[in-house]
Amino acid sequence: MPEPTSPKDDLAVSGAGAGGAMDLAVAEGTSLEQPPGSGKSDKARSLWSDAWHDLRRNPVFIVSGLIIAFLVFISLWPSAIASGDPLACDLAKAQQGSQPGHPFGFNGQGCDVYTRTVYGARASVTVGVCATLGVALLGSLLGGLAGFFGGWFDSLLSRITDVFFAIPVVLGGLVFLSVVPGTTVWPVIAFIVLLGWPQIARIARGSVITAKQNDYVQAARALGAGNSRMLLRHISPNAIAPVIVVATIALGTYIALEATLSYLGVGLRPPTVSWGIDISSASAYVRNAPHMLLWPAGALAITVLAFIMLGDAVRDALDPKLR
Amino acid sequence: MLLEVRDLHVEFKTRDGVAKAVNGVNYSVDEGETLAVLGESGSGKSVTAQAVMGILDMPPGRIPQGEIFFQGKDLLKLKEDQRRKIRGAEMAMIFQDALSSLNPVLSVGEQLGEMFVVHRGMSKKDSRAKAVELMDRVRIPAAKERVGQYPHQFSGGMRQRIMIAMALALEPKLIIADEPTTALDVTVQAQVMDLLAELQRELNMGLILITHDLGVVADVADKIAVMYAGRIVETAPVKEIYANPAHPYTKGLLESIPRLDQKGQELYAIKGLPPNLLNIPPGCAFNPRCPMAQDICRSKVPPLFDVAEGRQSACHFWKETLDA
């Protein structure tokens, strides 16, 4: 972009009288027009397009993204790679190992472990995604409002989050899920949202308070913006990154939490197919038939790992201080 | 009179007590006029401006007394939503650091256009065309191509031009510029000041220029108000104050400007530090640092004495200072 450079030339010549100084001034003038690292491209780049640019080149993101894409695919269409029925069991084949057509063997009830592992992805992914969405929405809404308005609402919310942090997860889960009936994923999701939102609320509150103090929020106010406009257009986009990072990492732990609750017998219950249930029922036979435990446990571990890796990659891309 | 500030007081509650940031400031600006408010950091010049704009954080800030008349209305008696309509449309502010005053996640076009969306209810598409028009007006080259770019893609001078464009968008009657050139390098400073002065003339706006840079003031201001410890210590037309200051503090400020004919000599500096606003010295606040201080300066707060037509000084010894 050609900025008028003549005043700079004048100053360099009259001030120092040295050609070197003039070159420097001109070089500076031009380099200022190009942000560092933008190269030849003159395209507008926002924080989000920058982050996407980084993510696409991050091998951690590519690997975790492929695993997650595969998981989402098999939770939507499990029959595409598993032709059997996860609930069709033959007790005669109980605890048998790998054999043609049944690569992962059979479990204690004589059900095909491969089919059940594939079908189990749906429960885990549903719980993980829905619980994270719920937690992120509720937490950032309450935390954001508390951070922006402060005052009594903020104090009240802070004390409420303290109360929730004091609840032990497993004990809370045992109580909540034995009171709330149902064998579907929804009570489990509701419990995770109930317990998880204070974490996001705290982060959202802190990051809104930080963003609120920025000069551009003050400037927007000086130019006549009202509360809702400041919060929605000037604060939220600048405060949302930490929430996204924590929520993505938490997604993995929510999947693990679902498995924990199912293992304890209060989460999902048969006939729902879930890795947690299978791990629970297989754990008694781990010495005789370890394959019954290892396949669903391995799938769970890979899934949790993939989501946590995704969270890490997202954090690297969104946090400019870590670059 | 476009804007008249009368006996304005602002204080802040802190853990250590009440900090009196502004203690009875009077100033006025007319259409087409430029008032420069000079003073060190902490002299209350920015706080006064924030009170005028209505963007003071309250609490901890508080305005115990004073009036701010803008186009005949006392702003301090208006409700917040009425003041909000005035902000941006009738009076606008330009901030010191244009990079931190622009939202990093919105393109400059969106931020410029926002003025028209908020105050004029314009559609997004129309507001974008207006944004390009404004960028042209503040002479940003290739405005059409750059309207979708983000603040970090502009140089410091260009960013300050965008801030100016935002402030001027709705052609307000009054602009408050809070150290608009402090963050820029010297050559760009001159360009930005010229642009601001030119647009002011064109739109016949009142301009309050807050600065601690005496060099910036000389060319563009009509009158000057010098602030010290939350009070105005001297007001005068710009030429007279440079020729012959009537307050020892102003005199000290002028003497501490490096000059070409003083090559090789030590640069003058006002001794001591500005007072702690929690504990302003009794009498004249400047007395501990003043070379002319007498007993009366330690006991009696000097009122603003009329020195000449349109010229006042808050010094017991203004005559002696003028003659010196």
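Residue B:181 satisfies every condition listed in (1) polar (S, T, N, Q); (2) surrounded by 21 or more Cβ atoms within 10 Å (Cβ to Cβ); (3) within 10 Å of chain A (Cβ to nearest Cβ) except (3).
In the range B:301-312, which residue that is modelled with pLDDT under 85 and assigned to a loop (DSSP other than H, G, I, E, B) is surrounded by the most Cβ atoms within 10 Å (Cβ to Cβ)? Selected residue: B:310. What about residue A:241, is it in contact with a helix residue (DSSP H, G or I) (Cβ under 7 Å, 6 or more places away or on another chain) and among the small types (Gly, Ala, Ser)? It is true that residue A:241 is in contact with a helix residue (DSSP H, G or I) (Cβ under 7 Å, 6 or more places away or on another chain) and among the small types (Gly, Ala, Ser).
For the range B:88-113, the set of residues classified as of a type outside the set (Ser, Thr, Tyr), under 18 Å from residue B:175 (Cβ atoms) and surrounded by 23 or more Cβ atoms within 10 Å (Cβ to Cβ) consists of B:88, B:91, B:92, B:93, B:94, B:95, B:98, B:102, B:111, B:112, listed by residue number. Screening residue A:219 against (1) in a helix (DSSP H, G or I); (2) touching a residue at least 24 places away in the same chain (Cβ under 8 Å) leaves a single unmet condition, (2).
The condition of being under 17 Å from the mean Cα position of the chain (by Cα), closer than 29 Å to residue B:188 by Cβ and modelled with pLDDT of 80 or more holds for only one of B:232, B:210, that being B:210.
Let's see how each residue does on (1) basic (Lys, Arg); (2) surrounded by fewer than 21 Cβ atoms within 10 Å (Cβ to Cβ):
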{"site": "B:188", "(1), (2)": "no, no"}
{"site": "B:196", "(1), (2)": "no, no"}
{"site": "B:226", "(1), (2)": "no, no"}
{"site": "B:239", "(1), (2)": "yes, yes"}
{"site": "B:258", "(1), (2)": "no, yes"}
{"site": "B:261", "(1), (2)": "no, yes"}
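Sort out which residues of the range B:136-153 are in contact (Cβ under 8 Å) with a residue 12 or more places away in the chain, facing chain A (nearest Cβ under 9 Å) and assigned to a helix (DSSP H, G or I), and write them in order of number. Matches in the range B:136-153: B:146, B:151, B:152. When we screen A:250, A:306, A:313 for residues that are buried (at least 19 other Cβ atoms within 10 Å of the Cβ), within 21 Å of residue A:177 (Cβ to Cβ), modelled with pLDDT of 85 or more and under 18 Å from the mean Cα position of the chain (by Cα), the only hit is A:250. On the given criteria, is residue A:23 at pLDDT below 80 and away from chain B (no Cβ under 14 Å)? The answer is yes for residue A:23. Of the listed requirements (1) exposed (fewer than 12 other Cβ atoms within 10 Å of the Cβ); (2) in contact (Cβ under 8 Å) with a residue 60 or more places away in the chain, residue B:272 misses just one: (2).
Test of understanding: among B:84, B:128, which residue is part of a helix (DSSP H, G or I) and more than 7 Å from every other protein chain (Cβ to nearest Cβ)?
Values: B:84 fails: more than 7 Å from every other protein chain (Cβ to nearest Cβ).
Going through B:84, B:128 in turn, just one is part of a helix (DSSP H, G or I) and more than 7 Å from every other protein chain (Cβ to nearest Cβ): B:128.
If you go through the range B:64-81 and pick out every residue that is in a loop (DSSP other than H, G, I, E, B) and away from chain A (no Cβ under 14 Å), you end up with 5.
Would you say residue B:167 is more than 13 Å from chain A (Cβ to nearest Cβ), crowded, with 21+ Cβ neighbours inside 10 Å and in a helix (DSSP H, G or I)? Please lay out each step first, then the result.
Values: more than 13 Å from chain A (Cβ to nearest Cβ): no; crowded, with 21+ Cβ neighbours inside 10 Å: yes; in a helix (DSSP H, G or I): yes.
It is false that residue B:167 is more than 13 Å from chain A (Cβ to nearest Cβ), crowded, with 21+ Cβ neighbours inside 10 Å and in a helix (DSSP H, G or I).
Listed by first and then second residue, the pairs linking a residue in the range B:212-228 that is more than 19 Å from residue B:96 (Cα to Cα) to a residue that is among the small types (Gly, Ala, Ser) and in a strand (DSSP E or B), with Cβ atoms under 7 Å apart and 6 or more places separating them unless they lie on different chains, are B:223/B:236; B:224/B:36; B:224/B:236.
Taken over the range B:87-111, the criterion of being outside any strand (DSSP E or B), under 23 Å from residue B:70 (Cβ atoms) and within 7 Å of chain A (Cβ to nearest Cβ) is satisfied by B:88, B:89, B:95, B:101. Just one of the listed residues (A:160, A:192) is surrounded by 23 or more Cβ atoms within 10 Å (Cβ to Cβ) and among the aliphatic types (A, V, I, L, M), namely A:192. Of all the listed residues (B:124, B:73), the sole one being without any contact (Cβ under 8 Å) to a residue 40 or more places away in the chain, closer than 17 Å to residue A:233 by Cα and surrounded by fewer than 16 Cβ atoms within 10 Å (Cβ to Cβ) is B:124. Listed conditions (1) surrounded by fewer than 20 Cβ atoms within 10 Å (Cβ to Cβ); (2) modelled with pLDDT of 80 or more; (3) under 15 Å from the mean Cα position of the chain (by Cα) are all met by residue B:215, apart from (2).
Scanning the range B:47-63 for residues that are farther than 19 Å from residue B:28 by Cα and buried (at least 16 other Cβ atoms within 10 Å of the Cβ), we see that the one that is farthest from the other protein chains (Cβ to nearest Cβ) is B:61.
The values are calculated or read from the model by the stated rules, or taken from the named source; none is laboratory data. Keep in mind it's a predicted model, so treat the numbers as computed, not measured. All Cβ positions, even for glycine, are placed from backbone atoms using ideal geometry, and neighbour counts span all protein chains on display.
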